[in-house]
Amino acid sequence: MVSYFTIAHIITLVLFFLLFLILLVLSFKETRKKVLYAMIFSNFLVISMLALFSMFVLDKYTKKAVLEHVTHARILINESLVISGIVRNVGKFNISQCSIVVKLVNNAVNSNNLTGSTLYKSSGLDFFTNKAENQQQSTITEDFVIAKNLRVKEFRNFSVSMHYPAYFKKPNLIYKLRCR
């Protein structure tokens, strides 16, 4: 099992804890109780926020992976989209989990067929009732876990499937890899 924290995460947390202890000891030199409690609370709050922010920054720079040989195909029999490829750990640390966020955007309106009726449709009384059944979804976003416990320089094949609406005419496929 691969841990979420790398050695860089642990060293950073230890340093922030030591900084918290130093500031805590220095705040006890204050004799007024209300000021002492305010100093301890603000010390805890600032150090906690800095530690949390540094965890996100460390994740960005220590857990690096890339997608390779990504292909996608539309399966007409069940109206789905299959995306497959390889995820590779190119960083110097193990990755506990990689996920891919797939966004399918319907691009029915383009610059070649712009008309007034395409840009503006009178909604009549639907404006007040806001009926959702008359509106079709133009963006579909799904998140898939494609690899767990990815060691240094290791790669894994993946394949994910998502719903592909039949009314999509010229969709754009956008995908983004997130590792932690």
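The values are calculated or read from the model by the stated rules, or taken from the named source; none is laboratory data. Just so you know, these numbers come straight off a predicted model, no measurement behind them. Cβ: placed from backbone, ideal geometry, glycine included. Neighbour counts: every protein chain shown. Note: accessible area is taken over every heavy atom of the protein model, side chains too, but ligands, DNA and RNA are not part of it. Shrake-Rupley method; radii C 1.70, N 1.55, O 1.52, S 1.80 Å.
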Restricted to region 157-175 and to residues being open to solvent by 70 Å² or more (accessible area, probe 1.4 Å) and at pLDDT 95 or above, the residue farthest from the chain's Cα centre (by Cα) is ASN157
Checked against (1) surrounded by fewer than 17 Cβ atoms within 10 Å (Cβ to Cβ); (2) modelled with pLDDT of 95 or more, LEU125 satisfies every condition except (2)
Of (1) touching a Ser or Thr at 6+ places or on another chain (Cβ under 9 Å); (2) surrounded by 12 or more Cβ atoms within 10 Å (Cβ to Cβ), THR71 satisfies every one except (2)
Here the qualifying pairs (Cβ atoms under 6 Å; residues six or more apart or on different chains; first in region 149-173 and touching a residue at least 40 places away in the same chain (Cβ under 8 Å) and in a loop (DSSP other than H, G, I, E, B); second exposed (fewer than 15 other Cβ atoms within 10 Å of the Cβ) and among the acidic types (Asp, Glu)) come out as TYR164/GLU79; ALA166/GLU79
VAL70 passes all but one of the listed conditions (1) within 25 Å of VAL152 (Cα to Cα); (2) of a type in the set (Val, Ile, Thr); (3) out of contact with any strand residue (DSSP E or B) (no Cβ under 7 Å at 6 or more places or on another chain); the exception is number (3)
- Quick one: would you say VAL90 is of a type in the set (A, V, I, L, M), exposed (fewer than 15 other Cβ atoms within 10 Å of the Cβ) and free of Cβ contacts under 8 Å to residues at least 40 places away in the same chain? no
By residue number, the members of region 1-59 that are open to solvent by 50 Å² or more (accessible area, probe 1.4 Å), polar (S, T, N, Q) and free of Cβ contacts under 8 Å to residues at least 60 places away in the same chain are THR31, SER42
**Item:** Check on LEU76, open to solvent by 70 Å² or more (accessible area, probe 1.4 Å), over 14 Å from LEU177 (Cα atoms) and modelled with pLDDT of 95 or more
**Value:** no
Among LEU36, LEU58, LEU19, the single one that is more than 30 Å from VAL87 (Cα to Cα) and at pLDDT below 95 is LEU36
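I need the full set of residues from region 1-16 which are aromatic (Phe, Trp, Tyr) and either over 33 Å from the mean Cα position of the chain (by Cα) or modelled with pLDDT of 90 or more (or both), in order please.
First, pick out the residues of region 1-16 that are aromatic (Phe, Trp, Tyr): 4-5, 16.
Matches in region 1-16: PHE16 only.
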